[in-house]
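Visitor: Below you will find the structure I want to go over with you.
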Amino acid sequence: TYHNGKMKRISPEADQVWYVNSFGDFVMTGTNTTTYQVKGSSANRNLQTGVASGAFSSKKAYFKDGNAYLIEGSYSGLNIYEQNGSGDWHFRNRITAVALCKEIEVDNNGCIWVQHERCGIYKVKLNEDLTDLEEIKAFTEIGNERNRIFFLFKINGAICVYNGSE
């Protein structure tokens, strides 16, 4: 964090940082071992207590119940976080059906698009209480490219995928 003109390490470990995102008053940081929530200059908290898993990316999403959730792509699946009454984010559950979730995006229909670390793109639909898969579709071929790293991003709200060559 940056406070009073000085930089301060948020994690006591020498973790590799994969992402830093701001969600309201909080900064979420995914590292190669866990996720931290930072508020202010000194607060930090390991959000994956007891379920250590490095995290690559996170997005804020709204689903059918109208509540905000953080969806995080990790080494071992999709992590779901929810806010408590005081606004702190808490680990809720993990969806392990898709691992090595390098990048994620959420579309307007509530489907989660996942860029796998090495094997393509997945479109994931969760059940209504966000605890399990309802549907999953793999995209392992785009254009002439097959079973490789594809790139996932959003432009003006539209999900985009790039195969690296076309």
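Visitor: What number of residues within segment 79-90 satisfy the criterion of being open to solvent by 60 Å² or more (accessible area, probe 1.4 Å) and touching a residue at least 40 places away in the same chain (Cβ under 8 Å)?
Guide: Residues that pass the stated criteria total 1.
Visitor: Could you look through segment 98-151, keep only residues that are polar (S, T, N, Q) and in contact (Cβ under 8 Å) with a residue 24 or more places away in the chain, and pick out the one that is surrounded by the fewest Cβ atoms within 10 Å (Cβ to Cβ)?
Guide: First, the residues of segment 98-151 that are polar (S, T, N, Q): 108-109, 115, 127, 131, 140, 144, 147.
Applying the additional criterion that residues be in contact (Cβ under 8 Å) with a residue 24 or more places away in the chain yields 108, 115, 131, 147.
Numbers: ASN108: 8, GLN115: 24, THR131: 12, ASN147: 10.
This residue is ASN108.
Visitor: Only one residue in VAL27, VAL98 is out of contact with any helix residue (DSSP H, G or I) (no Cβ under 6 Å at 6 or more places or on another chain), modelled with pLDDT of 80 or more, of a type in the set (A, V, I, L, M) and closer than 30 Å to GLU145 by Cβ. Which one?
Guide: Numbers: VAL27 fails: closer than 30 Å to GLU145 by Cβ.
Only one candidate qualifies: VAL98.
Visitor: Quick one: ILE10 ticks every box in (1) out of contact with any Lys or Arg (no Cβ under 9 Å at 6 or more places or on another chain); (2) under 18 Å from ASN93 (Cβ atoms); (3) at pLDDT below 65; (4) surrounded by 12 or more Cβ atoms within 10 Å (Cβ to Cβ) bar one, so which box is it?
Guide: (2)
Visitor: So, one more: In segment 41-50, is there at least one residue being of a type outside the set (Val, Ile, Thr), within 17 Å of the chain's Cα centre (by Cα), at pLDDT 85 or above and in a strand (DSSP E or B)?
Guide: Checked segment 41-50: no residue is of a type outside the set (Val, Ile, Thr), within 17 Å of the chain's Cα centre (by Cα), at pLDDT 85 or above and in a strand (DSSP E or B).
Visitor: From the residues in segment 52-71 that are within 15 Å of ASP107 (Cα to Cα) and under 9 Å from the mean Cα position of the chain (by Cα), which one is most open to solvent (accessible area, probe 1.4 Å)?
Guide: Among them, the one singled out is LYS60.
The values are calculated or read from the model by the stated rules, or taken from the named source; none is laboratory data. Owing to the predicted nature of the structure, the values given are computational and were not obtained by experimental measurement. Ideal geometry is used to build each Cβ from the backbone, glycine not excepted, and the neighbour counts take in all protein chains shown. Accessible surface is based on the protein model in full, side chains and every heavy atom, while ligands, DNA and RNA are left aside. Shrake-Rupley method; radii C 1.70, N 1.55, O 1.52, S 1.80 Å.
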